[in-house]
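Worksheet for the structure shown next.
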Amino acid sequence: MKKTSTVLSGLLLAFASSYGQYTTTWMGNNFSDVNNHVGNCARSMWVSPQGVVYTAAMWDEKGRNIGIYQNGATLGSMGGNKESQGSAIGGDATYIFTAQQTPNGGKVGRYNRATKVRDLLFAASAGTTGDVIGGIAVSAGRVYVADSSGNRIVVFTTGGVQLRQWPVAGPGAVAIDSSGRLWVAQRYQGKVLSFDTTGVAGTTISLGASARPSALYADSIRGQLLIGDQGPDMQIKIYGNLTGTPVLSGTFGVQGGYLNQSSGIRGATGDKRFTRVAGISRDAAGNLYVLNNPWGGTWDLGRNGATDIHCYNNAGNLLWTLQALNFEGNASADAGSDGTYFYSGNIIYSYTGTDGGTYVANTVDPYRYPLDARIQMTDHARGEHFGHLANVGGHKILIACNQNADIFYTYYFNEATDGYIAIPNDTISKVRNGFCLDSIGDIWISQDKTDAIQHYPLTGFAANGKPIYGPVVSTPTPASIARLNRIEYVPASDMMVLAGGNTDWTLIGNRIEVYRGWKAGNRTPNLVITLSRAQAKSMSAAGNYLFVGYYAIPDIDVFDLSTGALVLTMNTSNPAVYVGNDVDSQYGIKAYHRSTGEYLITKDDYNANKVVLYRWTPATAPATSDSVTTATATLVSRNANAGFRIFPNPVDKTLYIDLKQTAAKGYTLDIFDFSGKTVKTMQANGQGQMQADVAGLMPGSYVLRIMDAASRKVLGQQKFIKL
């Protein structure tokens with residue numbers, strides 16, 4: 001057994017190497033490696049006078065809950081992924097203070113900036129779950145904490161000793177100005193209150209009923225209070241005359257932010273087109289820092305959010321950004337752009353050859369579509385960051401789902417009215433046996449306990465871009481694939497790929513069946529692939545290849561859907577590009593076949609908060625029939641036009657050939673490797689069974705071509721594998 005395993009491994013490696021190389025790049029994060037990646041979903045921010053940025057998150061898979069950055073680069077992190085809650089952070093020259101999460105919910109953690117170690121915990125709220133602490137500000141040896149759960153402001157020494165408290169309804173972000181005045185945001189009242197350090201109330205700034213003051217920064221040098229508004233204005237409001245009656249003296253950022261349609265496409269992000277402002281600060285040089293989170297981070301807003309930090313100079317010019325836009329999610333290529341644009345469940349990226357790609361748009365509009373499932377904290381699916389996309393004649397259909405999905409949310413686009421915004425449509429539920437949105441917009445699902453495949457054919461689009469579907473067509477699941485786990489349909493070749501055999505609906509069994517002519521009525525598999533690896537998790541079919549990812553390993557196996565052979569295993573082509581531990585999601589792989597022949601394959605990387613992008617162009621090889629049985633696949637049908645039969649296959653020393661005809665002057669036998677190079681030529685007589693000595697060939701895949709020696713007519717060709 002050991003010898004067989006070794007031989008097969010060598011065979012597969014030889015086979016893969018003949019199929020050309022791939023390159024590995026990424027989208028959605030400034031950095032590709034797990035040591036420098038921008039941390040997941042920074043929800044609050046504090047910046048030192050020297051411009052060192054500290055952010056707090058509830059979850060980063062690699063423990064970057066408190067991220068540390070400067071000048072657009074990563075300096076490090078502190079606190080593990082079970083410490084910071086993410087809702088509040090503050091600091092001074094010595095310490096960082098952050099709200100803590102369960103089991104320390106309601107407490108503030110103190111971290112030494114030099115050692116990066118938490119050296120103190122103290123209770124600030126009786127609440128223990130969620131965002132019970134809404135704001136932290138540190139000044140003159142005092143720590144001011146907004147106890148949102150207890151509706152109060154509490155003042156501590158930096159050593160955690162409580163000094164005083166006073167009541168405030170629903171306190172959020174807090175800031176201390178140069179006169180010692182404490183400013184407290186009431187997000188859902190649209191107000192910012194002021195108090196002296198003993199709790200005596202002062203001036204109130206009323207921003208309006210629709211405003212959502214979410215971040216505060218007191219600029220002592222300029223005597224200004226900067227208020228981040230997550231309401232429809234999506235910008236920073238700047239107030240002066242803080243010692244008297246505060247006056248709105250200016251704004252920063254486009255009014256309406258990324259939803260503004262006069263200066264850009266609705267949904268388009270970028271310079272001063274903010275989404276939701278979560279943090280504001282300045283350094284001693286006057287640079288302005290803005291933390292804004294894309295919409296669509298549901299669940300707990302920590303595990304499934306995103307980070308987008310902008311730094312502007314004194315003149316308001318954008319200096320750099322730091323972004324982490326993907327945690328547990330993936331993106332599908334847009335066929336209308338031939339793979340230039342990619343859509344996740346809530347983000348649009350572009351990739352034009354530059355590592356990291358570009359953050360183009362946030363497809364959620366919380367004000368026009370407040371019931372969008374992607375922003376409902378109580379939604380069952382929570383965190384729909386996996387995007388499935390079809391572009392049919394310029395009409396785009398987006399379907400979003402989560403990590404292990406049995407609910408799928410459908411969206412459509414109307415660029416004239418909504419730009420990049422995905423408009424909520426129907427919900428598909430109870431899908432536990434496979435889902436596919438194919439390239440022509442048809443939907444294929446297998447709902448739980450139906451033992452059937454439901455096909456919803458797209459029949460057209462309404463004037464507003466909404467897709468119209470015909471009556472469902474239900475087909476019994478082939479008995480040979482029970483239990484069905486995944487569905488992939490390729491319209492161009494009428495090819496259905498079914499995977500099954502695992503009783504765990506979130507995984508894939510080891511059996512994959514390929515049906516040619518599925519819509520034409522074929523229900524007998526033409527090809528059966530038996531996966532040799534356990535715990536397959538995700539698969540995607542494009543062109544003539546199937547891409548399979550696995551739980552617990554980072555490899556993606558590529559199978560030829562004509563032969564069933566494993567032709568390539570992708571991990572990373574560049575050691576500097578980290579690709580993650582595995583595929584930990586049902587739809588964590590998406591593949592697209594470009595018009596150039598190149599394949600684009602995306603994969604989720606929840607460790608380094610990005611989308612991995614593989615680029616692969618198969619090497620040109622002689623056309624082969626599908627009359628081969630290999631160690632990893634069994635062809636059910638054979639090429640009847642080949643004109644001859646070969647055996648055994650795979651072969652060790654001698655390949656036997658049975659011809660269906662005779663030739664007076666015999667035959668010429670050519671053997672090609674998969675780069676197209678002729679590696680052996682032989683002559684054979686024109687009668688009976690022929691033999692080909694292949695003992696001297698290296699292990700791998702080859703093509704045998706037979707020609708009439710006299711006429712030079714090609715009689716056929718077949719692939720074989722040399723052990």
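The values are calculated or read from the model by the stated rules, or taken from the named source; none is laboratory data. Because the structure is a prediction, the values reported are computed rather than measured. For neighbour counting, all protein chains shown are included, and Cβ atoms are generated from backbone atoms with ideal geometry for every residue, glycine included.
Details
- Counting the residues of segment 508-533 that are of a type in the set (A, V, I, L, M), in a loop (DSSP other than H, G, I, E, B) and either under 20 Å from Thr569 (Cα atoms) or touching a Lys or Arg at 6+ places or on another chain (Cβ under 6 Å) (or both) gives 1.
- Hits in segment 114-132 - residues which are of a type in the set (D, E, K, R) and not in a loop (DSSP other than H, G, I, E, B): Arg118, Asp119
- Scanning segment 21-46 for residues that are outside any strand (DSSP E or B), in contact with a strand residue (DSSP E or B) (Cβ under 9 Å, 6 or more places away or on another chain) and of a type outside the set (A, V, I, L, M) yields Gln21, Gly28, Asn30, Phe31, Ser32, Asn35, Asn36, His37, Gly39, Asn40, Cys41, Arg43.
- Scan of segment 417-451 for residues that are aliphatic (A, V, I, L, M), surrounded by fewer than 18 Cβ atoms within 10 Å (Cβ to Cβ) and farther than 21 Å from Tyr587 by Cβ, ordered by number: none
- Candidate set from segment 478-489 (those that are within 30 Å of the chain's Cα centre (by Cα) and not in a helix (DSSP H, G or I)); member that is surrounded by the most Cβ atoms within 10 Å (Cβ to Cβ): Arg486
- Verdict on Gly135 being touching a residue at least 24 places away in the same chain (Cβ under 8 Å), assigned to a strand (DSSP E or B) and buried (at least 20 other Cβ atoms within 10 Å of the Cβ): yes
- Filter result for Ala664 (modelled with pLDDT of 80 or more and more than 30 Å from Thr569 (Cβ to Cβ)): no
- Pairing residues of segment 452-465 that are among the hydroxyl-bearing types (Ser, Thr, Tyr) with residues that are part of a strand (DSSP E or B), at Cβ distances under 6 Å and at least 6 apart in sequence or on separate chains, gives Tyr456/Ile443; Tyr456/Tyr469; Thr459/Ile468.
- Top-ranked residue in segment 229-250 [being under 28 Å from Ala422 (Cβ atoms) and not small (Gly, Ala, Ser); ranked as surrounded by the fewest Cβ atoms within 10 Å (Cβ to Cβ)]: Pro232
- Some residue of segment 283-300 being surrounded by 18 or more Cβ atoms within 10 Å (Cβ to Cβ), outside any strand (DSSP E or B) and among the acidic types (Asp, Glu): yes
- The number of residues in segment 47-63 being under 22 Å from the mean Cα position of the chain (by Cα), at pLDDT 95 or above and either over 26 Å from Thr94 (Cβ atoms) or part of a loop (DSSP other than H, G, I, E, B) (or both) comes to 0.
- Cβ-Cβ under 6 Å pairs, at least 6 apart or on other chains, segment 401-416 side β-branched (Val, Ile, Thr), far side crowded, with 20+ Cβ neighbours inside 10 Å and not in a loop (DSSP other than H, G, I, E, B): Thr410/Ile399
- Residue satisfying condition, being of a type in the set (S, T, N, Q), surrounded by fewer than 19 Cβ atoms within 10 Å (Cβ to Cβ) and closer than 18 Å to Asn314 by Cβ, within set Ser220, Ser210, Ser206, Ser262: Ser220
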